[in-house]
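Scroll down for the structure; my scribbles are underneath it.
The values are calculated or read from the model by the stated rules, or taken from the named source; none is laboratory data. Just so you know, these numbers come straight off a predicted model, no measurement behind them. Neighbour counts are summed over all protein chains in view; Cβ atoms, including those assigned to glycine, are modelled from backbone coordinates with ideal geometry.
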Amino acid sequence: MKYKLLNFARQLALILLVIWTVVSLVTLLIELVPGSPATTILGETATAEQIANFNFKHGLDKPAFFISYSSEEGFAWNGLDNRYADYWAGLFQGDLGRSFRTDRPVLDMILERYPATIKLAVASMLVAIGIALPLGVLAGTNKNGLIDNASSFVALLGISLPTFVIGPFLVYIFAIQLGWFRPGGSLYPEDIILPAVTLGAALSAILTRMIRSSVIEELGEDYVRTARAKGLSERTVVYKHVLKNGLIPVVTILGLQLGVLLAGSIITEKIFSWQGLGLLLLEDGIAKRDYRLVQGCVLVISLTYIIANSLTDFVYRRLDPRIRLG
Amino acid sequence: MNRLAYIGIAIATVVILTAIFAPFIATHDVTVQDLVNRFASPSADHWFGTDALGRDVFSRVVYGARISLQVGITVVLVSGVIGILIGAIAGFYGGWLDRFLSAYVFNVFLAFPGLLLAIALVAFLGAGLGKLILALCVIGWVGYARVMRGQVLKVREYDFVNAAKALGASNMRILFTHILPNSIQPLIVQASLGMAGAVLSEASLSFLGLGIPPPAPSWGTMIEEARNYFANYPHTLFFPGVAIALTVLAFNFIGDGLREYLDPKQRTR
């Protein structure tokens, strides 16, 4: 028990340390911007007073960090009143700052768009499972057969075809030629189908291969021979026994991939004008150089990714005693 | 190696030769606009047709191979060398240094979804070839470091390493002449898959407008430009799309084939 608690505490400490570093990196990213954000936003014609006002409003008049370095004065201590400390203080109060462009709270802007991105990620995961489960089982149970080779090929194709190639082609076929869906937008429930298939294609390829090798591995186990020996049908053997054990690693991959999907949705959202976090980051953040918004979006996506990964890790450890004790 | 790996090698060779001999293969100047001939369909004069500005799509796809491979090779080399060095140090010296690197530093870099970190870096640094390569190296080195660390941990326990130690070989000598050559196989697989990843990431960032700025003929930029017109002129999107897909597929085939070839457990399957 003591060992378990200690292990858990160590894991938790590591996650917190990683989160601290990620937040710090994101906070300091804004310092990489060439020139000052004020002149980027206000333009070259802005007066000194306008720039000073802008900097004051967004806390940019303060030093970047606790210490600073200049070639004339060397290292200098700036005290606790700095941008880094401000960002952290804001974070603890659920405040990600205000947009440089619209002056709206960044958190509000993100929360408006976040559900659409989660919806897209979950839908694409369902699409991926729907494709991968039957295909992977078929490939695994027909090892080296025609179906296996064909599904391997389709899987590699799915991994290699970028979303920005698959997406427009799906739009061309199903929206423009066949007229089944609208080419973009997120107004109607059916609008999610094409983006979900686009985003889920790569994941379905990865899952198919995983399920295939899991099935092959489990089919060689003793318990399968026992199940067959007692006269169970092949269908029962595969779906009741093999899949149950074979799906453990797949569950892990699903958890890890949720974060990847959230990040990968940036491209899909652009293709289909899906009003999610990715489009907010690209169109309102990066394109308009609203660095505060970019910071917020990057932070929220990264934190979701870390939390999803940590939870998966935790669940996996609970599922498989070998890992828990190892 | 499996058949797909040979197909991969064949495609990759064609892409590499295309990139090297681009000036001889391209039929038109890639930046010259011909507004009278906008969106021309594929013909004897323009094999892949022309784009929204009347530029020859075939020549742009040919030169696009140069950009893709230039980014891919540079990213694989730079992130490979950095990753191998850091992974080797972590695995070989062990102790607190290994714990710091593998449990903390590696995890921090893996905590960001790769593409997002690249997007964030380019968004703050500004677009351009150099910055794009830098961003892809920042996200790429961890993969090599992890593989290398794992290999070193395994190989350093072998008898020939103990023998070298007993003979008084220095740490550097043991690391670079004994451990590294025996750890190289999975690194080659990683490099091949890394090449596919880098080509894809470059195209993705260019598609998002964060890669190599126009008028450079990056495949991702070509797809982004074609996106608004492809309903009427699908050829503008089709050819660069096929070029990216084939290139990425080729390096994935090679990486996959090598992995299977080098891993006897998978080979028998």
TODO: Consider A:Ile193 carefully, then state whether it is out of contact with any helix residue (DSSP H, G or I) (no Cβ under 6 Å at 6 or more places or on another chain), at pLDDT below 90 and under 16 Å from A:Met125 (Cα atoms).
DONE: no
Open item on the list: List pairs: first residue in region A:145-165 and more than 14 Å from B:Asp256 (Cα to Cα), second residue surrounded by fewer than 22 Cβ atoms within 10 Å (Cβ to Cβ) anywhere in the structure, Cβ distance under 7 angstrom, at least six positions apart or on different chains.
Closed with: A:Ile147/A:Leu138; A:Asp148/A:Asn142; A:Ser151/A:Leu138; A:Leu161/B:Ala245; A:Val165/B:Ala245
Open item on the list: Restricting to region A:1-31, name every residue that is hydrophobic (A, V, I, L, M, F, W, C), more than 17 Å from B:Tyr104 (Cβ to Cβ) and over 22 Å from the mean Cα position of the chain (by Cα).
Closed with: A:Met1, A:Leu5, A:Leu6, A:Phe8
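To keep it simple, each residue is scored yes or no on (1) assigned to a helix (DSSP H, G or I); (2) within 14 Å of another protein chain (Cβ to nearest Cβ).
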{"residue": "A:Tyr3", "(1), (2)": "yes, no"}
{"residue": "A:Leu16", "(1), (2)": "yes, yes"}
{"residue": "A:Leu28", "(1), (2)": "yes, yes"}
{"residue": "A:Thr45", "(1), (2)": "no, no"}
{"residue": "A:Gln50", "(1), (2)": "yes, no"}
{"residue": "A:Asn55", "(1), (2)": "yes, no"}
{"residue": "A:Phe65", "(1), (2)": "no, no"}
{"residue": "A:Glu72", "(1), (2)": "no, no"}
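Out of A:Val165, A:Val122, A:Val106, A:Val137, report the one residue that is of a type outside the set (Gly, Ala, Ser) and within 14 Å of chain B (Cβ to nearest Cβ). Steps first, answer last, please.
Values: A:Val122 fails: within 14 Å of chain B (Cβ to nearest Cβ); A:Val106 fails: within 14 Å of chain B (Cβ to nearest Cβ); A:Val137 fails: within 14 Å of chain B (Cβ to nearest Cβ).
It is A:Val165.
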TODO: Identify the residue in region A:214-254 that is in a helix (DSSP H, G or I) and within 14 Å of another protein chain (Cβ to nearest Cβ) and, among all such residues, is nearest to the chain's Cα centre (by Cα).
DONE: A:Ser214
Open item on the list: Filter region A:79-98 down to the residues that are assigned to a helix (DSSP H, G or I), among the small types (Gly, Ala, Ser) and under 16 Å from A:Leu303 (Cβ atoms) and list them by number.
Closed with: A:Gly90
TODO: Give the residue, chosen from B:Phe124, B:Phe100, B:Phe92, that is of a type in the set (Phe, Trp, Tyr), over 26 Å from A:Gly255 (Cα atoms) and within 13 Å of chain A (Cβ to nearest Cβ).
DONE: B:Phe124
Open item on the list: I'd like the full set of residues that are polar (S, T, N, Q) and not in a loop (DSSP other than H, G, I, E, B), limited to region B:40-56.
Closed with: B:Thr50
Open item on the list: Show the residue pairs meeting these rules: Cβ distance below 7 Å; 6+ apart or different chains; first residue within region B:14-25 and over 13 Å from B:Ile67 (Cα atoms); second residue surrounded by 15 or more Cβ atoms within 10 Å (Cβ to Cβ).
Closed with: B:Ile25/B:Thr18; B:Ile25/B:Val62
Task: Scope region B:229-238; condition facing chain A (nearest Cβ under 10 Å) and either more than 14 Å from A:Leu161 (Cα to Cα) or out of contact with any helix residue (DSSP H, G or I) (no Cβ under 7 Å at 6 or more places or on another chain) (or both); matching residues - done: B:Phe230, B:Ala231, B:Asn232, B:Pro234, B:Phe238
Task: Answer from B:Gly168, B:Gly209 - the residue that is at positive phi, surrounded by fewer than 18 Cβ atoms within 10 Å (Cβ to Cβ) and within 14 Å of another protein chain (Cβ to nearest Cβ) - done: B:Gly209
Task: Members of region A:168-208 found to be at the interface with another protein chain (Cβ under 9 Å from one of its Cβ atoms) and in contact (Cβ under 8 Å) with a residue 40 or more places away in the chain, listed by number - done: A:Pro168, A:Val171, A:Pro183
- [ ] Scan region A:274-289 residue by residue and report those that are outside any helix (DSSP H, G or I) and either more than 8 Å from chain B (Cβ to nearest Cβ) or within 24 Å of A:Glu190 (Cα to Cα) (or both).
- [x] A:Trp274, A:Gln275, A:Gly276, A:Lys288, A:Arg289
Task: Residues that are more than 19 Å from A:Ala287 (Cα to Cα) and either among the acidic types (Asp, Glu) or within 14 Å of another protein chain (Cβ to nearest Cβ) (or both), drawn from region B:212-221 - done: B:Ser218, B:Trp219
Open item on the list: Looking at (1) facing another protein chain (nearest Cβ under 9 Å); (2) modelled with pLDDT of 90 or more, which one does A:Gln295 not meet, given that it meets all the others?
Closed with: (2)
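Let's see how each residue does on (1) β-branched (Val, Ile, Thr); (2) touching a residue at least 60 places away in the same chain (Cβ under 8 Å); (3) out of contact with any strand residue (DSSP E or B) (no Cβ under 6 Å at 6 or more places or on another chain):
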position: B:Asp159; (1), (2), (3): no, no, yes
position: B:Met195; (1), (2), (3): no, yes, yes
position: B:Leu200; (1), (2), (3): no, no, yes
position: B:Ile212; (1), (2), (3): yes, yes, yes
Open item on the list: I'd like to know if region A:90-98 contains one or more residues that are touching a helix residue (DSSP H, G or I) at 6+ places or on another chain (Cβ under 9 Å), buried (at least 17 other Cβ atoms within 10 Å of the Cβ) and not hydrophobic (A, V, I, L, M, F, W, C).
Closed with: yes
- [ ] Please verify whether region B:174-196 includes one or more residues that are within 12 Å of chain A (Cβ to nearest Cβ), touching a helix residue (DSSP H, G or I) at 6+ places or on another chain (Cβ under 7 Å), more than 22 Å from B:Ala145 (Cβ to Cβ) and buried (at least 21 other Cβ atoms within 10 Å of the Cβ).
- [x] no
